[in-house]
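A.B. asks: Would you mind keeping the following structure in view while I ask a few things?
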Amino acid sequence: MRRDIFQAIADPTRRAIIALIAMQAMTPNAIADNFNTTRQAVSKHLRILTECQLVKQEHQGREIYYSLELSKMKEVDKWLEQFRKIWETRFNQLDNVLSTIKKQKK
């Protein structure tokens with residue numbers, strides 16, 4: 001089953017896993033050590049992230065290391081960019097209104 005990227009990152013645990021492996025690849029056990037949950041629960045989150053192609057697996061001997069798939073994260077960033085521009089415009093407009101109000105009070 002193909003999962004939606006945005007459903008995957010909607011979960012706070014999965015976002016925390018993404019943040020953990022953003023800097024370095026980690027094994028499932030190393031990832032699980034950072035959460036107050038079972039190894040099986042972390043494995044489920046990793047499976048969902050893998051199905052969405054947000055993380056990739058690399059076998060090194062008997063261990064599996066998970067790392068961030070940057071190209072998929074760039075897709076998310078590209079989608080978010082449209083909202084970033086909208087909010088920057090709104091914040092700039094708010095700054096202008098606040099500056100005007102502040103000048104009027106003087």
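The values are calculated or read from the model by the stated rules, or taken from the named source; none is laboratory data. As the structure is a computational prediction, the values presented were derived from the model and not from experiment. Neighbour counts run over all protein chains shown; Cβ positions are idealised from the backbone, glycine included.
A.B. asks: I'm told residue 83 meets every condition in (1) touching a residue at least 40 places away in the same chain (Cβ under 8 Å); (2) of a type in the set (A, V, I, L, M, F, W, C); (3) loosely packed, with under 10 Cβ neighbours inside 10 Å except one. Can you identify the failing condition by its number?
C.D. replies: (1)
A.B. asks: Return the residue satisfying two criteria in turn: it lies in the stretch 27-49 and is out of contact with any helix residue (DSSP H, G or I) (no Cβ under 7 Å at 6 or more places or on another chain), in a loop (DSSP other than H, G, I, E, B) and among the polar types (S, T, N, Q), and of such residues it is surrounded by the fewest Cβ atoms within 10 Å (Cβ to Cβ).
C.D. replies: Going through the qualifying residues, I end up with 36.
A.B. asks: Find the residue count for the stretch 53-75, including only residues that are in contact with a helix residue (DSSP H, G or I) (Cβ under 6 Å, 6 or more places away or on another chain) and either surrounded by fewer than 12 Cβ atoms within 10 Å (Cβ to Cβ) or among the β-branched types (Val, Ile, Thr) (or both).
C.D. replies: 1
A.B. asks: A further question on this structure: Could you list all residues from the stretch 4-49 that are closer than 19 Å to residue 60 by Cα and of a type in the set (D, E, K, R)?
C.D. replies: Hit for the stretch 4-49 is 47, nothing else.
A.B. asks: Here's something else I'd like to know. With the checklist (1) part of a helix (DSSP H, G or I); (2) in contact (Cβ under 8 Å) with a residue 12 or more places away in the chain; (3) surrounded by fewer than 17 Cβ atoms within 10 Å (Cβ to Cβ) in hand, flag the one item residue 24 doesn't pass.
C.D. replies: That leaves (1) as the condition not met.
A.B. asks: Looking at 79, 87, which is the one that is modelled with pLDDT under 90, in a helix (DSSP H, G or I), of a type in the set (A, V, I, L, M, F, W, C) and more than 13 Å from residue 18 (Cα to Cα)?
C.D. replies: The match here is 79.
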